[in-house]
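Chemist: Submitted below is the structure of interest, expressed as structure tokens.
Just so you know, all these numbers are worked out from the coordinates, no wet-lab data involved. Note that the structure is a prediction, hence the values are computed from the model and not measured. Cβ: placed from backbone, ideal geometry, glycine included. Neighbour counts: every protein chain shown.
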Amino acid sequence: MVKAPDTSCDLMLFGALGDLASKKLFPALYQLDRAGLLSAGSRVLALARQDHDEDSARRLIRDRLQQHTPASSFDDESADRFLQRVSYCQLDFSTAEGYQQLEAWRSGREATLILYLATPPTMVAGIVAHIGRLACCDQQTRVVVEKPIGHDLPSSRHLNDQLAAVFDESQVFRIDHYLGKETVQNLIALRFANNLFASQWDQNHISHVEITVAESVGISGRWGYFDSAGQMRDMVQSHLLQLLCLLAMDPPSDLSADSIRDEKVKILKALRPMTSDMVQSHLVRGQYTAGSSGGKPVPGYLEEEGANRGSTTETFVALKVEIENWRWSGVPFYIRTGKRLPEKRSEVIIHFKPAPHYIFDPDQKHLANNKLIIRLQPDEGMALQILTKDQGLHKGMRLRQGPLELTFSEAFASDRIPDAYERLLLEVMKGNQYLFVRRDEIEHAWRWVDELLANCHECGAHPKRYAAGTWGPVASIAMTARDGRNWYEDA
Ligand code: BG6
């Protein structure tokens with residue numbers, strides 16, 4: 001049974017009128033309050049540079065809250081009660097003046113102070129330095145920072161150093177929102193609570209693994225940020241590598257933050273470096289051109305609003321990743337992620353090896369390997385593809401492939417699947433770091449991605465084109481086909 005944190009919290013939300021706060025953070029805090037998971041006396045100080053008095057800020061936050069909360073869980077009484085907790089403070093984050101106001105809000109309070117920096121990454125270091133000088137910021141204070149943590153290893157180290165100048169690592173909560181998704185956490189339960197899988201989870205039993213994180217959206221509205229990052233930095237360095245770690249890591253000795261994070265770091269350190277001679281065969285970068293999405297025509301990446309027509313930034317990446325350790329030697333992890341793909345779908349497919357000796361119809365031999373399909377979003381659930389005898393007297397010993405299926409929305413029909421940010425905010429308030437990324441994880445991930453990108457730029461290849469609404473460049477199909485495999489399509 002989940003309980004509210006034992007102590008009340010004062011949450012200072014920097015960037016409170018921005019996109020992330022409006023779409024994710026306020027709705028998540030509202031849901032927590034509605035579920036009785038905000039401790040009595042917990043408060044939120046919304047900080048932004050816009051000029052509002054308390055009433056107009058609350059009205060604005062309420063309107064946005066309603067807009068971004070499903071109608072089935074929005075009600076006036078809960079919203080009014082939640083907004084009682086919220087105050088507003090106008091603040092120019094970049095200058096020291098003004099930060100003193102925050103002392104007044106905290107004065108005489110014992111509640112745990114949480115600083116949530118929902119601001120552009122360039123502002124983080126400045127805010128941390130200003131806030132570090134305030135008396136209200138002490139060793140109990142927690143700071144929450146969003147990705148991206150840097151643009152590469154040196155910039156990530158620099159930002160981490162600036163955080164470390166004010167906070168101990170145990171006070172820093174780096175968000176990768178994929179870790180807050182129920183189905184991503186479920187990977188830990190699936191792997192380590194079921195000996196059936198735990199005992200089969202290695203190169204003796206698994207031939208290869210696929211991870212797909214597909215999005216149907218394009219880059220409209222945030223071209224500036226995205227073009228300087230690309231899909232590799234925006235998605236692979238964070239979400240995809242985190243998924244890979246959870247799938248590949250050894251069993252932690254317990255569920256504590258450091259036990260889990262120690263195991264993830266071992267995987268990041270064991271990733272086979274992507275050298276320049278591997279880039280051709282192990283990496284495909286793509287960029288979408290005009291096509292269609294949801295039955296409507298959509299522009300190409302270079303025609304999006306604000307686009308630099310000569311950009312060579314990738315919107316699609318497919319990679320063959322290898323992990324150099326005993327458990328995974330010889331087992332490729334094929335990962336792909338892209339914008340403007342045919343649908344939004346994140347899933348993992350574990351392909352098991354066939355039985356050592358096959359005795360059925362030779363024509364059906366290609367069926368003879370089990371697959372575990374883990375659907376992360378949407379339609380969350382899992383299916384284990386197994387082989388059974390086809391029914392009927394005339395079928396002999398013909399085999400049939402079918403799923404053992406678990407769809408979470410049907411199996412746990414009464415439960416709403418909480419948004420990742422609800423879980424993450426709750427864990428910050430409780431002071432649990434297991435769903436947050438430790439400094440060394442981020443830095444090892446950057447080291448690997450930096451080398452890959454450097455080798456890729458050295459070979460000078462431009463991203464390959466793919467039409468919006470398709471599954472990326474054909475080269476990504478060729479990449480798996482060279483190994484005698486193909487991407488699993490559930491359709
Ligand atoms: C963000 C990326 O971290 O994750 C976005 O910056 C991406 O580019 C988003 O669209 C995807 O998140 P989700 O939860 O919708 O899969």
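Chemist: So what's the net charge close to Asp55: Lys and Arg +1, Asp and Glu -1, counting the other residues with Cβ under 14 Å from its Cβ?
Modeler: Summing Lys and Arg as +1 and Asp and Glu as -1 gives -2.
Chemist: So, one more: Count charges around Pro252 for me, please; just the other residues with Cβ under 11 Å from its Cβ, Lys/Arg as +1, Asp/Glu as -1.
Modeler: It works out to a net charge of -1.
Chemist: If you don't mind, there's one more thing I want to ask. So how do 22-35, 233-246, 134-147 stack up, highest first, on mean other-Cβ count within 10 Å?
Modeler: 233-246, 22-35, 134-147
Chemist: With an 8 Å cut-off on Cα pairs and a minimum separation of 6 or more residues, tell me the relative contact order of the range 84-215 in percent.
Modeler: So the answer I get is 19 percent.
Chemist: Run the numbers on the range 89-137 and let me know its relative contact order in percent, using alpha-carbon pairs under 8 Å that are six or more apart.
Modeler: 53
Chemist: Can you tally the net charge around Pro148? Count Lys and Arg as +1, Asp and Glu as -1, for every other residue whose Cβ sits under 11 Å from the Cβ of Pro148.
Modeler: -1
Chemist: In nanometres, what is the gap between the two model label sites at Ser292 and Asn325, each 7 Å from Cα along Cα-to-Cβ?
Modeler: Between Ser292 and Asn325, the label points sit 4.6 nm apart.
Chemist: I've got another one for you. Please state the charge dipole magnitude for the range 31-158, taken about the Cα centre, from unit charges on C-beta atoms (+1 on K and R, -1 on D and E), reported in debye and rounded to the nearest 20.
Modeler: So the dipole magnitude of the range 31-158 works out to roughly 360 debye.
Chemist: Any idea what Rg and Dmax come out to for the range 248-334 if you just take the C-alpha atoms, in Å?
Modeler: 19.1, 51
Chemist: Ok, one more. Please give the FRET efficiency for Ser72 paired with Asp254, using the beta carbon to beta carbon distance and R0 = 51 Å, rounded to the nearest 0.05.
Modeler: 0.85
Chemist: How large is the convex hull of the C-alpha atoms of the range 113-223 per residue, in Å³?
Modeler: 183
Chemist: For Asp6 and Leu134 in the same chain, what is the full-extension length gain: residue separation times 0.36 nm, less their Cα-Cα distance, in nm?
Modeler: 43.6 nm
Chemist: While we're here: Near the amide H of Arg43, under 5 Å away, which other amide H atoms are found, from residues 5 or more places off or on another chain, if H is placed in the peptide plane?
Modeler: Cys9, Asp10, Leu11
Chemist: Which value in nm describes the separation of the simple spin-label points at Asp161 and Asp483, placed 7 Å from the Cα toward the beta carbon?
Modeler: 3.8
Chemist: Can you give the translational diffusion coefficient of the chain in µm²/s, computed by Stokes-Einstein from the Kirkwood radius over Cα pairs at 25 °C and 0.890 mPa s? All intermediate terms of the calculation are to be shown ahead of the outcome.
Modeler: Numbers: Rh = 24.5 Å.
Result for D is 100 µm²/s.
Chemist: List, largest first, the extents of the alpha carbons of the range 48-197 along their principal axes, each in whole Å.
Modeler: 58, 45, 32
Chemist: In addition: Exactly which trypsin sites (Lys or Arg not before Pro) in the range 408-491 are in a DSSP loop and have at most 10 other Cβ atoms within 10 Å?
Modeler: Working: sites: Arg416, Arg423, Lys430, Arg438, Arg439, Arg447, Lys464, Arg465, Arg482, Arg485; in loops: Arg416, Arg438, Arg482, Arg485.
Taking the range 408-491 and a limit of 10 other Cβ atoms within 10 Å, the loop trypsin sites (Lys or Arg not before Pro) found are Arg482.
Chemist: Next question. Testing the spin-label approximation: label points 7 Å from Cα along Cα→Cβ at His366 and Asp19. State their distance in nm.
Modeler: For the pair His366/Asp19, the computed spacing is 4.3 nm.
Chemist: Counting other Cβ atoms within 10 Å of each Cβ, which trypsin sites (Lys or Arg not before Pro) in the range 308-407 have at most 13 and sit in a DSSP loop?
Modeler: Within the range 308-407, the qualifying trypsin sites (Lys or Arg not before Pro) (loop, at most 13 other Cβ atoms within 10 Å) are Arg309, Lys344.
Chemist: Using alpha-carbon positions, what is the distance between the centroids of the range 134-182 and the range 263-301, in Å?
Modeler: 27
Chemist: Continuing with this model, one more query. Counting just the Cα atoms, what span does the range 96-155 cover along each of its three principal axes? Round to the nearest Å and put the largest first.
Modeler: 41, 24, 17
Chemist: For the chain, what's the relative contact order in percent, using C-alpha pairs closer than 8 Å and at least 6 residues apart?
Modeler: Reported relative contact order: 18 percent.
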